[in-house]
Amino acid sequence: MSVEKEVVCRAAKGDGKAFASLYEEYFERIYRYLYLRLGNQSDAEDLTQEVFVKALEAIRGYKWRGLPFASWLFRIAHNLMVDLLRKRGKVTEEASEDIAAGGETDPAATAERNIEVARLMDNLEKLSPAQKEVLSLRFGAGLSIAEVARLLDKSPGTVKALQYNGIVALRKRLTGEKNRKWQERWRIF
């Protein structure tokens, strides 16, 4: 029996310490996934907590099917995020308002970092929903291609293609923006 399966089984039987270790293991990955998708620190924190509340409520009925426990948690996270977005319409708050300084003490560096993250978030929103989902799970949540494929019920090849095309599209958008800004700046002079 794998270590993860053993911990999940203990948590399903009501072992609080086992559930706490699952919480510690997956909290950051779920948060990063939700933050990348929502672009709002407060919403991501709230939904991450809600994911684990729902997981705690439902863990007794969890059946091990050979899939990583993370797949189940990310499905809960995805469903809660979709519900939130449906209730609100679309999240319109700027990501830069909610980005933590990340330990940065220089206000100029913090502002520059926030602007870069806001640009990335804005350009992520312009990708197809499938590309956005794959990039969020791969780089936000740190899942492997195989884990993303299982979670989204897609082949690993499809996930790789979505990831590649998403990265290419992001690169084009970001370098295109920089070139336009550089050209505009030099037209002034």
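Number of residues in region 133-153 that are part of a helix (DSSP H, G or I) and under 13 Å from the mean Cα position of the chain (by Cα): the value is 9.
Residues are listed down the side, and each one gets a yes or a no for (1) aliphatic (A, V, I, L, M); (2) more than 21 Å from Val134 (Cβ to Cβ); (3) at pLDDT below 85:
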residue	(1), (2), (3)
Ile30	yes, no, no
Gln49	no, yes, no
Arg60	no, yes, no
Leu67	yes, no, yes
Trp72	no, no, no
His78	no, no, no
Leu84	yes, no, no
Thr92	no, yes, yes
Ser96	no, yes, yes
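The sole residue among Ser144, Ser155, Ser136 that is at pLDDT 75 or above, touching a Phe, Trp or Tyr at 6+ places or on another chain (Cβ under 7 Å) and under 30 Å from Pro68 (Cβ atoms) is Ser136. For region 135-150, the tally of residues that are in contact with a Lys or Arg (Cβ under 7 Å, 6 or more places away or on another chain) and either of a type in the set (Asp, Glu) or at negative phi (or both) stands at 5. Considering region 12-33, the residues that are free of Cβ contacts under 8 Å to residues at least 60 places away in the same chain and of a type in the set (A, V, I, L, M) include one that is surrounded by the most Cβ atoms within 10 Å (Cβ to Cβ), namely Leu22. If you go through region 34-55 and keep only what is buried (at least 18 other Cβ atoms within 10 Å of the Cβ) and in a helix (DSSP H, G or I), you end up with Leu34, Tyr35, Leu36, Arg37, Leu38, Asp43, Ala44, Leu47, Thr48, Val51, Phe52, Ala55. Out of curiosity, is Asn114 touching a Leu at 6+ places or on another chain (Cβ under 6 Å), modelled with pLDDT under 85 and buried (at least 16 other Cβ atoms within 10 Å of the Cβ)? Considered against the rule, which asks whether it is touching a Leu at 6+ places or on another chain (Cβ under 6 Å), modelled with pLDDT under 85 and buried (at least 16 other Cβ atoms within 10 Å of the Cβ), Asn114 comes out as no.
The values are calculated or read from the model by the stated rules, or taken from the named source; none is laboratory data. Source: prediction; values computed, not measured. Note that we place each Cβ from the backbone using ideal geometry, even for glycine, and neighbour counts take in every protein chain shown.
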